[in-house]
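*Asks:* What follows is a single structure, and I will ask about it in a moment.
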Amino acid sequence: MNDELTVSDACEQDATAIAGIYAHYVTNSAASFETDAPTTQDIAQRIVRVLGEGYPFLVVRDGAGAVLGYAYAERFGDREAYRFSCETHIYVHKDAVGRGIGKALINALIAACEARGFRQAFAMIAGTEPTSVVLHARAGYLPCGTLTGVGWKQGQWADIFMMQRKLGSGNETLPE
């Protein structure tokens with residue numbers, strides 16, 4: 001794999017690569033609480049939905065154009081009052097972990113969320129994923145709670161660590 005990395009907007013044509021990256025986490029870990037890996041078509045529909053709702057969906061590519069990771073934001077909570085908050089998700093290809101891809105994605109995702117006027121970002125991280133907690137902490141996310149034993153996966157109960165990051169001026173100013 002080439003070490004030149006670029007972050008760009010995802011498109012439907014990235015769905016196959018994204019589905020492959022995500023399937024590893026769905027089937028081999030508790031990083032995702034989904035129990036069945038989504039199909040390429042399911043992922044394509046998610047990309048269209050996320051972008052259509054005005055949220056960012058990003059991929060990181062190597063110099064050859066291969067997708068090595070992806071990140072996106074979506075609405076945090078269904079009620080209208082949550083409209084300035086988002087939940088963020090980041091996944092890196094299992095063979096590309098430790099190459100700075102997560103850092104590139106999280107920084108680009110934060111910038112994209114701020115550019116769209118979002119004020120708070122939340123990450124729900126499985127307790128089985130301490131590396132993800134560190135990644136988010138280095139990007140300015142702070143712990144804001146733990147949901148104990150809320151998921152059953154891989155034959156065990158899994159906790160969720162909730163982390164929050166102010167975007168832009170956060171709640172210090174009125175929304176635009």
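The values are calculated or read from the model by the stated rules, or taken from the named source; none is laboratory data. Predicted model only: the values in this text are computed from it and were never measured. FYI the Cβ positions are ideal-geometry reconstructions off the backbone, even for glycines, and counts take in every protein chain you see. When the accessible area is computed, the model is the full protein with side chains, heavy atoms only, and any ligands, DNA or RNA have been set aside. Shrake-Rupley method; radii C 1.70, N 1.55, O 1.52, S 1.80 Å.
*Asks:* Projected area of segment 1-44, taken from the Cα convex hull and averaged over every viewing direction, in nm²?
*Replies:* 3.9 nm²
*Asks:* Before anything else, pin down the relative contact order of segment 73-172: Cα pairs under 8 Å, at least 6 apart, normalised by residue count, whole percent.
*Replies:* 27 percent
*Asks:* Another question about this same structure. Taking +1 at the Cβ of each Lys and Arg and -1 at the Cβ of each Asp and Glu, which of Ala158, Leu105, Pro175 sits farthest along the dipole of segment 101-176 towards its positive end, judged by Cα position relative to the Cα centre?
*Replies:* Result: Leu105, furthest along the dipole toward the positive end.
*Asks:* Now, a different point. At a 10 angstrom cut-off on C-beta neighbours, averaged per residue, how do the peptides 24-34, 117-127 rank from highest to lowest?
*Replies:* 117-127, 24-34
*Asks:* May I pose another question? Once each part is reduced to its C-alpha centroid, what is the distance from segment 139-161 to segment 35-108 in angstrom?
*Replies:* Centre-to-centre distance over Cα atoms comes out at 19 Å.
*Asks:* Right, here's the next one. Nearest 20 debye, what's the magnitude of the dipole of the chain about its Cα centre given +1 on Lys and Arg Cβ and -1 on Asp and Glu Cβ?
*Replies:* Roughly 360 debye for the chain.
*Asks:* I would also like to ask the following. Given a 1.4 Å probe, how much area per residue of segment 1-81 is accessible, in Å²?
*Replies:* With all protein chains present, segment 1-81 gives 50 Å² per residue.
*Asks:* Between Arg49 and Leu174, with labels modelled 7 Å along Cα→Cβ, what's the label distance in nm to one decimal, could you check?
*Replies:* Inter-label distance under the simple model: 3.4 nm.
*Asks:* Next question, about the same structure. Ignoring any ligand, DNA or RNA, what whole percent of the accessible area of the chain comes from carbon and sulfur when the probe is 1.4 angstrom?
*Replies:* 51 percent
*Asks:* Using the Karplus curve 6.51 cos²θ - 1.76 cosθ + 1.60 with θ = phi - 60°, work out ³J(HN,Hα) for each residue of segment 18-35 in order, rounded to whole Hz, and write x for Gly and Pro.
*Replies:* Running phi through 6.51 cos²θ - 1.76 cosθ + 1.60 with θ = phi - 60° gives 5, 4, x, 4, 5, 4, 4, 6, 5, 8, 10, 7, 9, 4, 10, 8, 6, 10 Hz.
*Asks:* Now a separate question. Over the chain, what relative contact order in percent results from Cα pairs under 8 Å that are six or more residues apart?
*Replies:* It rounds to 20 percent for the chain.
*Asks:* Can you list the HN-Hα couplings for segment 60-69, worked out from phi with the Karplus curve (6.51, -1.76, 1.60; θ = phi - 60°), rounded to whole Hz and with x for Gly and Pro?
*Replies:* Coupling constants for segment 60-69: 10, 10, 7, x, 8, x, 6, 7, 9, x Hz.
*Asks:* Can you return the aspartates and glutamates within cross-link range of Lys153? Criterion is Cα-Cα under 19 Å, with same-chain partners fewer than 8 residues away left out.
*Replies:* Qualifying aspartates and glutamates at Cα under 19 Å: Glu34, Asp36, Glu129.
*Asks:* With Kirkwood's inverse mean 1/r over C-alpha pairs for Rh, give me the Rg to Rh ratio of the chain, two decimals please.
*Replies:* Checking Rg against Rh, the ratio lands at 0.95.
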